[in-house]
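The values are calculated or read from the model by the stated rules, or taken from the named source; none is laboratory data. This is a predicted model, so every value here is computed, not measured. Ideal geometry is used to build each Cβ from the backbone, glycine not excepted, and the neighbour counts take in all protein chains shown.
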């Protein structure tokens, strides 16, 4: 359900930028979503149309740019891919890996007119 | 197709051509979806720091015993520190009433359809309460192990409560919350002989998600090891004082 709150934030960010960047309509929104972030892209897509209805992003296309999860192994110090927070290091199987990338949840760019 | 806007032009081009008389263009934003909440959280945190209010955000699934834990904590500490509580639930004043029965002030936030508290709501709640300096503020979040993990309220620590009547693999199933928390309280340990809960496995799962997480095993109703939690609170409240 927090996807609804996040989309309300998206709508507000668009309104703020519309003033500064001087646009009246958003045709396409690219969201950067990390693999380890706690949002589900399909849930965002599901609520997107409803939340954006009547806003300057009515009928806008929603596109996701997924960021891979990465972490620094606390044992071998190599950078290792993470699909889940609990994944061990793929090189030495050590369980403690510090996340360095993959928590992103942001609006990357827009196509506007 | 234009790779930028999906229009019909075939070549990659400077994106200044017109669509039905209007010019489509790319606007870089790079703005975090939680930026607004994080701004409010930073304001709350600054306020708590200025007034030396040690603030905890208690999170768990419904039924882990958060309110009972708070009631027992208040009974033990209310003569030593000023304490206030913000209660988050979708409906009812029940939890705030339980807290008020202990003699400390409690403000109930009903989130309605919302599944989490946010920093904006906490900022308003704090304005409506008269919090004392050098005090403890406990925020009991909506019982939900998913959404509250993303919303910083300005707290010093997220404290996740997990009871032994739940699954011992919850730290893996709801990893975001255990990643975000600094302290895990394993509650209802008096029931361990009657349930199929492997406490060592639970701890190892939590440490896998968050190697730095501190863990206290206790029973809020029977008092087992409650002193360790109270000592942790006393130490932190004292260190937070001006």
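Pairs meeting the criteria (first residue in segment A:1-12 and in contact (Cβ under 8 Å) with a residue 60 or more places away in the chain, second residue assigned to a loop (DSSP other than H, G, I, E, B) and surrounded by fewer than 17 Cβ atoms within 10 Å (Cβ to Cβ), beta carbons under 6 Å, at least 6 apart or on different chains) are lacking.
Test residue B:155 against the criterion of being outside any helix (DSSP H, G or I), away from every other protein chain (no Cβ under 14 Å) and touching a strand residue (DSSP E or B) at 6+ places or on another chain (Cβ under 6 Å), and give yes or no. Before the answer, list the steps.
Working: outside any helix (DSSP H, G or I): yes; away from every other protein chain (no Cβ under 14 Å): yes; touching a strand residue (DSSP E or B) at 6+ places or on another chain (Cβ under 6 Å): yes.
Taking the combined requirement at face value, the residue satisfies it.
Kindly evaluate residue B:152 against the criterion of being at pLDDT below 95, over 10 Å from residue B:59 (Cα atoms), touching a helix residue (DSSP H, G or I) at 6+ places or on another chain (Cβ under 6 Å) and buried (at least 20 other Cβ atoms within 10 Å of the Cβ). Answer is no for this residue. Scanning segment A:82-98 for residues being part of a strand (DSSP E or B) and either touching a helix residue (DSSP H, G or I) at 6+ places or on another chain (Cβ under 8 Å) or surrounded by 15 or more Cβ atoms within 10 Å (Cβ to Cβ) (or both) gives a total of 2. Within segment A:26-37, the residues that satisfy the criterion of being surrounded by 20 or more Cβ atoms within 10 Å (Cβ to Cβ) and in a loop (DSSP other than H, G, I, E, B) are A:36, A:37.
For segment B:13-54, the candidate set comprises residues that are modelled with pLDDT of 90 or more and part of a loop (DSSP other than H, G, I, E, B); within that set, the residue that is farthest from residue B:118 (Cα to Cα) is B:24. Quick check, is residue B:199 in contact with a strand residue (DSSP E or B) (Cβ under 7 Å, 6 or more places away or on another chain) and within 14 Å of chain A (Cβ to nearest Cβ)? Answer is no for this residue. Among the residues of segment A:1-25 satisfying the criterion of being under 15 Å from residue B:26 (Cβ atoms) and at the interface with chain B (Cβ under 9 Å from one of its Cβ atoms), which is surrounded by the fewest Cβ atoms within 10 Å (Cβ to Cβ)? Top of the filtered list is A:21. For segment A:52-75, filtered to residues that are surrounded by fewer than 13 Cβ atoms within 10 Å (Cβ to Cβ) and out of contact with any strand residue (DSSP E or B) (no Cβ under 7 Å at 6 or more places or on another chain), the residue that is nearest to the other protein chains (Cβ to nearest Cβ) is A:59. Evaluation of residue A:101 against the conditions (1) within 19 Å of residue B:149 (Cβ to Cβ); (2) touching a residue at least 40 places away in the same chain (Cβ under 8 Å); (3) away from chain B (no Cβ under 11 Å); (4) buried (at least 18 other Cβ atoms within 10 Å of the Cβ) shows that the sole unmet condition is (4). Quick one: would you say residue B:204 is without any contact (Cβ under 8 Å) to a residue 40 or more places away in the chain and assigned to a loop (DSSP other than H, G, I, E, B)? It is false that residue B:204 is without any contact (Cβ under 8 Å) to a residue 40 or more places away in the chain and assigned to a loop (DSSP other than H, G, I, E, B). Scanning segment A:39-56 for residues that are within 22 Å of residue A:84 (Cα to Cα) and touching a residue at least 40 places away in the same chain (Cβ under 8 Å) yields a count of 3. Any residue in segment B:155-163 that is touching a helix residue (DSSP H, G or I) at 6+ places or on another chain (Cβ under 7 Å), over 16 Å from residue B:181 (Cβ atoms) and touching a residue at least 12 places away in the same chain (Cβ under 8 Å)? No - not one qualifying residue is present in segment B:155-163.
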